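Report on the following structure.
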Amino acid sequence: MSKIRLGIIGCGDMEGAHQETFSALADRVVITGTADIDISRAQHAAANLGAEHAVQDYRDLFPYVDAVLVVTPHNLHHEMGVTSLKAGKHVLMEKPMAVSEAECLDLIRTAKSSGKTLMTAYPMRFQPLVVKLKELIDAKYLGEIFHVGIYTEQHTEPPPGHWIRSAQQLGGGQFFSHGCHYVDLLLWFLGNPIKGVHLGTRRGTPWMEKEGTSDAVIVFESGAMGHHFGTWGARATRHGYSIHVQAERGMLEADITNGIIYAHHGFKGPTPRGGLAGTLSPDVKDAEIVMQSHSASKYLQGELAHFLDCIETGATPLTDAAGSLQGLRVIWRMEEAEAQDRFADLRGLGLSQV
């Protein structure tokens, strides 16, 4: 089978992150063109990736590509995605899909009418540790799940004038731009949400127009709860990137930063009177190592390989546009409720409903 010709739209911060991925899949995909409003960035990326064409107007790539990867400010996703789909190109859209529900629905309709693949770039769904964690949750490895906590602590302070600082270009703040990865995972792990609350702050991240730190709590139909804490203001961290799954017989801990899943099997029998001292796994040295992986925190190679599979077979992507919209609807409804100082009603926003 011939290689899929891929064009890169947007050659700023993300081009370097994808370079190793393109090399790993060189037997299946070839980068034939790059586009950026700063032609020097497009030319630089083309030279690094071995692409023949570097252009300012992304539409000039269309004669040379079968598919595009859109890596631009979020407020540009809709227009670029719709135009590419109408031109008969498959689209791998960097998250989030778009900055409004109307834009997302237009992308979904356009993809359907064009018969082309539209996939949202949520690489955490393909991260080997996360895939294994999903298997363990579904198999009830430590019994029924009652809480999943996801922690992402990092320092993201782009230079003055960078589009990530802008609420309009970002589509919101840290919760919308980065938290969408982890709301997506919570829905994948736990199913349909029923209510939730979000609180965010600019304190500690004054460079952001909206929040740079947020906490979100979601209650699901099963009665389980999901929590995501994310910050772009961390000056130090213990959690790094990690997921803690509390279950009736212990805790699963996915240390994404260091590439390990632990199973803490917890105490046996009734909890002793006077506390839990000595009854729980006190340290990772006492835990079962379920899996170790040397892959990066975000598994771009698995994501791109899946996109290529869907183009070749016509399969629906795991991170398809309809499913991605549900996670964004949850975020928008929680942000709306936050502005009104109330809990958000998240019923009717399950993964299967568009």
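Which of P206, P96, P128 moves most in a GNM of the chain, Cα contacts under 10 Å? Result: P206 has the largest fluctuation of those listed. Helix-only arithmetic for the chain: the sum of -39500 (n - 2.57) across DSSP H runs with n ≥ 4, divided by the residue total, places the mean residue ellipticity at 222 nm at -9500 deg cm²/dmol.
The angle between the Cα long axis of helix 101-114 and the longest principal axis of the Cα atoms of the chain comes to about 60 degrees, rounded to the nearest 10. Label-to-label distance, K132 versus E157, with points set 7 angstrom from Cα along the beta-carbon direction: 3.5 nm. The distance linking the stretch 118-155 with the stretch 312-337 is 16 Å (Cα centroid to Cα centroid, whole angstrom). Full extension of the chain segment joining K86 with E312 gains 79.5 nm, where the gain is 0.36 nm per residue of separation less the Cα-Cα distance. Ranking T110, H78, T32 by how far each Cα lies toward the positive end of the dipole of the stretch 25-125 (charges on Cβ) leaves T110 at the top.
Between E79 and S2, the FRET efficiency estimated from the beta carbon spacing at R0 = 25 angstrom works out to 0.25.
Projecting label points 7 angstrom from Cα along Cα→Cβ for Q43 and D345 puts them 5.8 nm apart. Going 7 Å from the Cα of S23 toward and past its Cβ, which residues in the stretch 32-76 have a backbone nitrogen under 11 Å from where you end up? So the set is 49. The relative contact order of the chain, computed from alpha carbon pairs under 8 Å that lie at least 6 residues apart in sequence, is 17 percent. Sites listed here are GluC sites (Glu not before Pro) in the stretch 103-155 whose DSSP assignment is loop and whose Cβ has at most 15 other Cβ atoms within 10 Å: E144. Springs between Cα atoms under 10 Å define the GNM used for the chain, and in it the highest mean-square fluctuation of G302, G173, G143 occurs at G143.
Round to the nearest 0.05 the FRET efficiency obtained for F62 and D286 when R0 = 51 Å and r is the Cβ-Cβ distance.
Details: r = 57 Å, r/R0 = 1.12.
FRET efficiency, F62 to D286: 0.35.
Which pairs break 26 Å Cα to Cα here: K140/K285; K89/K210; K112/K140? Table pairs above 26 Å Cα-Cα are K89/K210; K112/K140. Ranking of Y64, Y58, Y299 by neighbouring Cβ atoms within 10 Å, starting from the fewest: Y64, Y299, Y58.
Only sites in a loop by DSSP and with at most 16 other Cβ atoms within 10 Å count here; which trypsin sites (Lys or Arg not before Pro) in the stretch 82-166 make the cut? Don't skip to the answer; put the middle values down first.
Working: sites: K86, K89, R109, K112, K116, R125, K132, K134, K140, R165; in loops: K89, K116, K140.
Sparse-neighbourhood loop trypsin sites (Lys or Arg not before Pro): K140.
Note on the chain: with a GNM built from Cα contacts shorter than 10 Å, the maximum mean-square fluctuation among M334, M97, M291 falls on M291. The equivalent ellipsoid that matches the C-alpha gyration tensor of the chain spans semi-axes of 36, 22, 20 angstrom, in descending order.
Strictly greater than 25 Å: what percent of every Cα pair in the stretch 1-156 meets that? Write down the numbers at each step before the final one.
Numbers: 4646 of 12090 pairs.
I get 38 percent for the Cα pairs in the stretch 1-156 exceeding 25 Å.
Based on the mean of other beta carbon atoms within 10 Å per residue, what is the order of 30-42, 177-189, most packed first? Let's see the in-between values first.
On the way: 30-42: 20.5, 177-189: 23.5.
Taking the mean over residues of other Cβ atoms within 10 Å, the ranking is 177-189, 30-42.
Read-outs: derived from the displayed coordinates by stated rules, not from any lab. Keep in mind that what you see is a predicted model, and the values were worked out from it rather than measured. Note that we place each Cβ from the backbone using ideal geometry, even for glycine, and neighbour counts take in every protein chain shown.
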